[in-house]
Amino acid sequence: MTVFIASLFLPYTVNFHVNNERSRSPPIGPPSATPTVDGISAIPSAAASLFEKNNPTKTPGMTPGATTDHERIFASSVAQAEQDKSGYPFPSATEHENRLLTESEGHSPAWGATTSLIQPKAKPLVSPSPSILKHQDPPLAKEPVSSRAPDTQAAPPSGQRWTHFANRKVSFSKAEWTIEPAEQGNGGLRNAVRSATDAGFLDQMMWVGTLGMPTDALAKYTWQDIAEKLEDEYGSLTVCVSDGDFDGHYTHFCKTILWPVFHYQIPDNPKSKAYEDHSWVYYVKLNQAFAERIAKDWKRGDSIWVQDYHLLLVPAMLRKLLPDAQIGFFLHIAFPSSEVFKCLAPRKELLEGILGANLIGFQTDEYCRHFLQTCSRILCVEATPEGIQLEDRFVNVGTFPIGIDPTSWDTRRQSTDVERWVDTISERYQGKRLIVSRDKIDSVRGIRQKLLSYELFLNTYPEWADKVVLIQVATSTTDQPDLEATLSDIAMRINSMHSTLAHQPLVFLKQDLAFPQYLALITVADALMITSLREGMNLTSHEFVYCQDGRYGDKAYGSLILSEFTGSASVFENHALLVNPWDYRQCSEAIHTALTRDEKERKQVWEEMFRAVLQNSTVNWVKSFNETLARVWNEQSSREIMAVPRLSVSRLTEQYRQSKRRLMIVDYEGTLASWGSPRSIILTTPQRAITTLTELTDDPANVVYVMSSRMPEEMERLFRQVNNLGLIAENGCFVREPQSDVWTHLADKLHVKAWKESVSNILAYFQARVEGSWIEERHCSLVFHHGSAEDRHIAARLAAECAGNINDACANQGVHAIPVEGALIVETTHTNKASAAALVWKWFLEHDEKSKEGVKPDFLLVIGDNREDEPVFRWANKLQRSKAVEYAMTVTLGSRSTEAKATLTQGVTGVLSCLQRLAAQGPGDGAPLPLRQ
């Protein structure tokens, strides 16, 4: 079985040796060798493109307001990494070590690494039209995007000479090339896959993604050679899209629209490119190209893992191409609340795209809950704690926090460079307390809030002014002058106010560090401070905790100051110093706490966080997601209507004839009688149903129950002509035995009264907004009917919003709201048809004990037609698996995913015909059922 891992960027890219000049970076080995990886890219400016990088050789300036040259020890990292490149920034490591080491999940390669790759430059790209009515498709758009070679995908841009365009193709087509580690991509994902492969949890896997570089300049045969080599030797399927499509997808939709919205930043500024951008068509194109590429190589039994927000539409596209495929989707960033997500124009399309998967994974329970609420409110579907119930199938949703790979970290830390840098940094900052931070310069990372909090700390506790140093590593992938100017002003003010000739309280490095420097820095730090305003999972915090074991020097058990808005906050819980980045006073006090804790307390807290790091390792993430995906796919496949056989009435009749004590539970609405208006439902009950039930209950070996959502008094009126019939009313809240006038209450009356008071107000508010709707009050439930509303679309949307409000407000009261066709049902979660059936079964057992001639039931038949009957099917199937009953048959009507063992396609007519055939067998020889005392 092959696992296809679809990520926007492959772990590999191509380095061209133009004019036979070999790059200093040697080619990497086959897939067993681990590539250097990068973290997730930051938000670019509106005009930025993936193919336009900053100047990597630019020398970073001194920290604004600097009075010392302490920071110069880091200034050589770029040059050193460039001089010592051997594939990885470990000049002293052996070749064998190089094959094992990777960059960290939270650390990006030094900027010098970018100069080692020679690749085609992107031709001038045409931005998406500001008007969706004037949107221009690239040439040859009618041709399937995944089948076109790069050189046939687009004509030269307007105003550009054909000869120049052709010369670029010739230049790179004749050049030698090698496969190299990619710079773009999700480092945490790649290390997780590598560690799981090394541990034997991914025997066969195949990457699917793009090269992350312009490809229009490549000749067709060059592109084919590259794709074949990647597939044959590196286990990678390359997705081919034009430069224009990729730029529209990545720069104009993913980074300008999706990324900000998912991080609670609505791009509604008229000056923003997102304000008038209509790049949705490019997003759809690239997602379709991924789906087609995967479908081309997929074989039955293979598994597909779709990764992150770049590919939200791929699961549904794959489901359409491969209905039986095992598809998992994992989101590596935050998922916003429904109020934020609904600001996206293609919100329904994005949600429906994700729901094509069998399993949807998130980093935290909060993101999982947001997704369930969003689906409920926008798509008007039923959301349960386990997932989303669609009309035709169920989609599981779960939490799978990703982490780091401890095994590879142990190898990384053995490098002699790390020990040398630990000594250098410790010596330079001897006697100082170090607070370390490393962030990309964008508004989501909260660098501004961090610096303001640090300034407040220095002002509040002046005795620490000459004893503590904050080293802020700020990497920049795009140009954000406004934010950078603000940070420079704050840094200038801090150092101007609190510096001395021998001490500089803030070191602001606008550069990245070589990996040994980064590792040494988080090893000797007294605290790590992370103030992200919103982040999926901050793996820098995991790396810091793992390095604080005291392996180098006497510094150990550093404190972690962590934003509560990061996914890692749920992993470390209260063992980290959780802060609200907007609360500068709280952040300031957290700094003070981190610096004043005694060693015993620091060690105790560190040990708890260290255990969390080990528990949430990359191997465990892959193993957990893989096992869960396989399990839920098997469960869902068994419930697919195509996998459920038609009921064999002849075999059922034979089992009926051979049995001596029979229990039958049959649903009413939609099963024994067609659906009708609640006020006239008695008129829809066919006489044929009354006659059939009477014939069945006349047999002393039979006990028959009818279950319904109707109230007890309605059930009595409907079936007063049938003797010896048991009744289950209000979906299991009331049960009445045959030959009895007493109803047993399964729901707590006081509990029902309490939640009805609060829910009634919410329902009344929404009923007033939906013309033609009305509220039905039952004994243990409330029903908001909106099927007769004048505008059904608005009514359904408001009903979904109402369900979300009720589920949020009453989550701890054992109450939930379930949207059904034309109505919203609010009822308790403690009672359902299955709990009523379990009580009926208990009565059977009690009867057998009291009756000398009693015989244990050996025939169980359950028939239903909707989702409310699924718990009874599950209960009956479990009884047979436990061998509590000799024969059990569960039957459903219609075409939807179900746990029933068989299906009837003739509807109510088929049910009545089946029951009449059973009744025609005549009375059995079973003993009569005695009345309960």
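At-a-glance table
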| quantity | calculated |
| --- | --- |
| Residue list for the stretch 439-463, restricted to those being surrounded by fewer than 19 Cβ atoms within 10 Å (Cβ to Cβ), in a loop (DSSP other than H, G, I, E, B) and over 24 Å from the mean Cα position of the chain (by Cα) | Y461 |
| Given (1) part of a helix (DSSP H, G or I); (2) under 21 Å from the mean Cα position of the chain (by Cα); (3) farther than 14 Å from L8 by Cα, number of the condition T222 does not satisfy | (2) |
| Residue check for S443: small (G, A, S) and over 30 Å from H263 (Cβ atoms) | no |
| Criterion: assigned to a helix (DSSP H, G or I), closer than 26 Å to H785 by Cβ and of a type in the set (D, E) - qualifying residue of E716, E771 | E716 |
| Test for S376: is it more than 21 Å from V306 (Cβ to Cβ) and surrounded by fewer than 21 Cβ atoms within 10 Å (Cβ to Cβ) | no |
| Residue count for the stretch 580-609, restricted to those that are within 21 Å of Y546 (Cα to Cα) and within 25 Å of the chain's Cα centre (by Cα) | 1 |
| The lone exception for F253 - which of (1) surrounded by 23 or more Cβ atoms within 10 Å (Cβ to Cβ); (2) modelled with pLDDT of 90 or more; (3) out of contact with any Phe, Trp or Tyr (no Cβ under 7 Å at 6 or more places or on another chain) it fails | (3) |
| Every pair of residues 6+ apart whose Cβ atoms lie under 6 Å, when the first sits in the stretch 707-722 and is in contact (Cβ under 8 Å) with a residue 60 or more places away in the chain and farther than 19 Å from T692 by Cβ while the second is of a type outside the set (D, E) and part of a helix (DSSP H, G or I) | S709/N731 |
| Residue satisfying all of: in the stretch 266-286; of a type in the set (D, E, K, R) and assigned to a loop (DSSP other than H, G, I, E, B); modelled with the highest pLDDT among these | D268 |
| Criterion violated by S781 - all others in (1) under 27 Å from A838 (Cβ atoms); (2) polar (S, T, N, Q); (3) outside the structural domain of S674 (by TED's automatic domain parsing); (4) surrounded by fewer than 21 Cβ atoms within 10 Å (Cβ to Cβ) satisfied | (4) |
| From the options A192, A182, A217, residue that is out of contact with any strand residue (DSSP E or B) (no Cβ under 9 Å at 6 or more places or on another chain), within 17 Å of L117 (Cβ to Cβ) and surrounded by 23 or more Cβ atoms within 10 Å (Cβ to Cβ) | A217 |
| Every residue from the stretch 613-663 that is out of contact with any Phe, Trp or Tyr (no Cβ under 9 Å at 6 or more places or on another chain), basic (K, R) and assigned by TED's automatic domain parsing to the domain that holds Q906 | R646, R651, R657 |
| Long-range neighbours under 6 Å by Cβ, at least six apart or interchain, first residue within 18 Å of Q307 (Cβ to Cβ) within the stretch 279-297, second among the aromatic types (F, W, Y) | Y283/F253; I294/F4 |
| Where I665 falls short, out of the listed (1) exposed (fewer than 14 other Cβ atoms within 10 Å of the Cβ); (2) modelled with pLDDT of 85 or more | (1) |
| Filter pass, L595 being surrounded by 18 or more Cβ atoms within 10 Å (Cβ to Cβ), touching a residue at least 40 places away in the same chain (Cβ under 8 Å) and either part of a helix (DSSP H, G or I) or in contact with a strand residue (DSSP E or B) (Cβ under 9 Å, 6 or more places away or on another chain) (or both) | no |
| Of residues in the stretch 877-902 being buried (at least 20 other Cβ atoms within 10 Å of the Cβ) and closer than 20 Å to S637 by Cβ, the one nearest to the chain's Cα centre (by Cα) | S897 |
| Lone unmet requirement of (1) closer than 23 Å to V340 by Cα; (2) charged (D, E, K, R); (3) out of contact with any Asp or Glu (no Cβ under 9 Å at 6 or more places or on another chain) for R377 | (3) |
| Candidate set: the stretch 287-335, residues that are of a type in the set (F, W, Y) and either more than 17 Å from the chain's Cα centre (by Cα) or part of a helix (DSSP H, G or I) (or both); chosen: the one surrounded by the most Cβ atoms within 10 Å (Cβ to Cβ) | F290 |
| Complete set of residues in the stretch 774-803 that are among the β-branched types (V, I, T) and either at positive phi or in a strand (DSSP E or B) (or both) | I775, V783 |
| Residues of the stretch 853-868 that turn out to be under 20 Å from Q389 (Cβ atoms) and modelled with pLDDT of 90 or more, as a count | 2 |
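Quick grid of which residues meet (1) modelled with pLDDT of 90 or more; (2) within 30 Å of S897 (Cβ to Cβ):
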site	(1), (2)
C380	no, yes
P401	yes, yes
R433	yes, no
K450	yes, no
F457	yes, no
V468	yes, no
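The values are calculated or read from the model by the stated rules, or taken from the named source; none is laboratory data. Keep in mind it's a predicted model, so treat the numbers as computed, not measured. Quick reminder, even Gly has a Cβ in these numbers, built from the backbone with ideal geometry, and neighbours come from all protein chains shown.
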